[in-house]
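Okay, so here's the structure we're looking at.
Any read-out appearing in this document is the output of simple, stated calculations on the displayed coordinates, not a laboratory observation. Given the structure is predicted, the values throughout are model-derived calculations rather than measurements. All Cβ positions, even for glycine, are placed from backbone atoms using ideal geometry, and neighbour counts span all protein chains on display.
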């Protein structure tokens, strides 16, 4: 009976086994690289909105305080979106015929809220409370970036567990005094380590508890 497999079959079989393991290793490495890239965490996510609202104009140019629109940020887990009546306090007098503001006028007439699209969408299995972070000295720009310079808001941080833990493990690097919580241009001063450590103590933050699973997963 003729030989089915030639002498090279042994080499080919070895190469196929090594190749399979090599391909699996490359897949795992590629998956690890992808998971740490901006793509799965939606960094730079910037969905179109029904109204082209410019934070650059309102927060930057007009210096409107964050709390004027996001009125629940100090008292609630959610920052809240402005109701139409907030928009109309100005736009019943300003740019009243602007086509771009037609959805706001329609909302005012119908009573239906403007269907804003979420930019920063934290996973449902993670709990985040805006009010406690504000109360403990975490400023808006730490998570949202300098929105006062954004004509169109985009997500600027990954919002991953690893990213959150950086702050939970070393909050003194990120905390700021109350008077600059809403300053979107704030940068840590040269004495941030000292200032931050003082704020950690002042706010009674138990750093050793900030990495407990129940803090974010409830």
Span from the segment 39-83 Cα centroid across to the segment 94-124 one, whole angstrom:
12
Inter-label distance, nm, simple model (7 Å from Cα along the C-beta direction), residue 128/residue 33:
2.8
How far apart, in nm, are two points set 7 Å out from the Cα along the Cα-to-Cβ line at residue 21 and at residue 96?
7.8
Rank 64, 205, 33 by mean-square fluctuation in a GNM of the chain with C-alpha springs under 10 angstrom and give only the top-ranked residue.
33
Taking 7 Å along the Cα-to-C-beta vector as the label spot, tell me the residue 12-residue 154 distance in nanometres, rounded to one decimal.
5.1
With r as the distance between the Cβ atoms of residue 80 and residue 166 and R0 = 30 Å, compute the FRET efficiency 1/(1 + (r/R0)^6) and round to 0.05.
0.65
Dividing the mean separation of Cα pairs under 8 Å (6+ apart) by the residue count of the chain yields a relative contact order in percent of 24
Express in nm, to one decimal, how much length is gained between residue 211 and residue 62 on full extension, taking 0.36 nm for each residue of separation and deducting their alpha carbon distance.
49.7 nm
Once R0 is set to 41 Å, what does the formula 1/(1 + (r/R0)^6) return for the Cβ-Cβ distance between residue 191 and residue 118, expressed as a FRET efficiency to the nearest 0.05?
0.65
Compute the distance from the alpha-carbon center of segment 131-145 to that of segment 147-183, in whole Å.
6
Of the listed values [x] 0.98; [y] 0.95; [z] 1.20, identify the label whose number matches Rg/Rh (Cα atoms, Kirkwood Rh) calculated from this model.
[z]
